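Since every read-out is calculated from the coordinates, none of them should be taken as a lab result. Remember, it's a predicted structure, so these values are computed and weren't measured experimentally. Here the Cβ positions follow ideal geometry from the backbone for every residue, glycine too, while neighbour counts run over all protein chains shown.
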Amino acid sequence: MRRTLVLGVIVLTGVVTAAMLSAQGQGREGAQGREGGQGRGGGGFSFPPIQKIEKVKDNLYMIQGEGGNTAVYVADSGVVLVDTKVANQGQAILDQVKSVTNKPITTIVNTHTHGDHTGSNPFFPASVEIVVQENTATNMKRMDVFQEAANQNGLPDKTFKAKMTLLKGKDAIDLYYFGPAHTDGDAFVVFRALGVMHTGDAFANKGQPGIDRNNGGSGVQYPETLAKAAKGIRNVTTIINGHTTAPTTWQDFVDFGEFNRLFLAHARASLKAGKSPEQAMMDFKLPDKFKGYNLAGGRGGPGGNFGILFEELKGGQ
Ligand SMILES: [Zn+2]
């Protein structure tokens, strides 16, 4: 059983990794070359094309493809987008939005800095307000793409530290930050009246998360951050993940927190026992409920995230 799980095919995890590495400008060998070298943006990766917009709940839609999942929320005052995929997808996103509403896009929330979530920000006019967690604003300002004057309208206009609410009444959107995980600026975006949350890549999919230490991510703090989110956020039933093909549930989110706790505990024990990351991965046992998890992935090779965790635990901060 275990072997099958460990050696299972690389699917979404590889995509997320490749995108993450590419966002850091070091994706040449991302995902062990599995995504091929034809990708746009010099990152050596590619995503499926933009899909037709799909309804999640009343007034809330998602668009898959060409990067992270984009949420489209049709509020009274206009449309709020969460994440804008890779570069040069703005028109395609707008076309999908126009197929469900005539309202203008007024606001963009980026869940984190990576180029497959912020890439098409510059397409949207400066009048569109861009909101991110404050560490993500810092990270975005360091990205190559935003050094170019023509792209700087894609930088954030407004930031929050721990919590902010956008819009009012039934349209309210709560933005939360609980600490480092995938990066040091992961926002949880909650459509309050609908009980839906966009997690970005803090919960990209059911598998090993990307831990981008160059952008402040932390495998040691990851489980704690997710536990704080699970405790601090109420009344959510449905999750829009960074990179899945369908929404998941609140229980999936809670379980993902447990997965990360188990992963970290096994990393600590394995390091103490003098094991290599590869050995740690080989003898990592998970409860049955995680049998759908994909433990294969590009980052760290056969040792997966254990290599990253070992470095962090050894104090290579
Ligand atoms: Zn990411």
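Some values worked out for this structure:
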read-out: Residue-wise HN-Hα coupling along region 61-71, computed from phi with Karplus coefficients 6.51, -1.76, 1.60 (Hz; x: Gly, Pro); value: 10, 10, 10, 8, x, 6, x, x, 5, 9, 9
read-out: Rg over Rh, two decimals, region 101-164 (C-alpha only, Kirkwood Rh); value: 0.96
read-out: Cross-link pairs beyond the 26 Å C-alpha cut-off, checked among Lys158/Lys314; Lys141/Lys228; Lys161/Lys285; Lys231/Lys289; Lys98/Lys206; Lys85/Lys314; value: Lys158/Lys314; Lys141/Lys228; Lys161/Lys285; Lys98/Lys206; Lys85/Lys314
read-out: P(r), alpha carbons of region 191-299 - 10 Å bins starting at zero, rounded %; value: 13, 44, 33, 9, 1
read-out: Pairwise label distance in nanometres, Lys314 with Ile233, each label 7 Å out on the Cα-Cβ vector; value: 3.4 nm
read-out: Environment charge at Leu166 (Cβ cut-off 14 Å; Lys +1, Arg +1, Asp -1, Glu -1); value: 0
read-out: Efficiency of FRET between Gln279 and Asn88 - r from beta-carbon atoms, R0 51 angstrom, step 0.05; value: 0.75
read-out: Packing-based order for 123-131, 171-179, using average beta carbon neighbours within 10 Å, highest first; value: 171-179, 123-131
read-out: J(HN,Hα) series, region 79-96, from Karplus relation 6.51 cos²θ - 1.76 cosθ + 1.60, nearest Hz, glycine and proline x; value: 9, 10, 9, 10, 6, 10, 6, 6, 5, 6, 10, x, 5, 5, 5, 4, 4, 5
read-out: Partner aspartates and glutamates for Lys163 [C-alpha distance under 13 Å; skip if fewer than 8 residues away on the same chain]; value: Glu134, Asp174, Asp186
read-out: Contour minus Cα-Cα distance for Leu262 and Lys291 (0.36 nm per residue); value: 9.0 nm
read-out: Amide H contacts of Phe160 (H built 1.01 Å from N, under 5 Å, at least 5 apart or other chain); value: Val132, Gln133, Glu134
read-out: Amide proton proximity set for Glu129, modelled H, under 5 Å, gap of 5+; value: Thr107, Ile108
read-out: Amide proton proximity set for Ile211, modelled H, under 5 Å, gap of 5+; value: none
read-out: Evaluated over region 261-308, the Cα radius of gyration and Dmax, each in Å; value: 10.3, 29
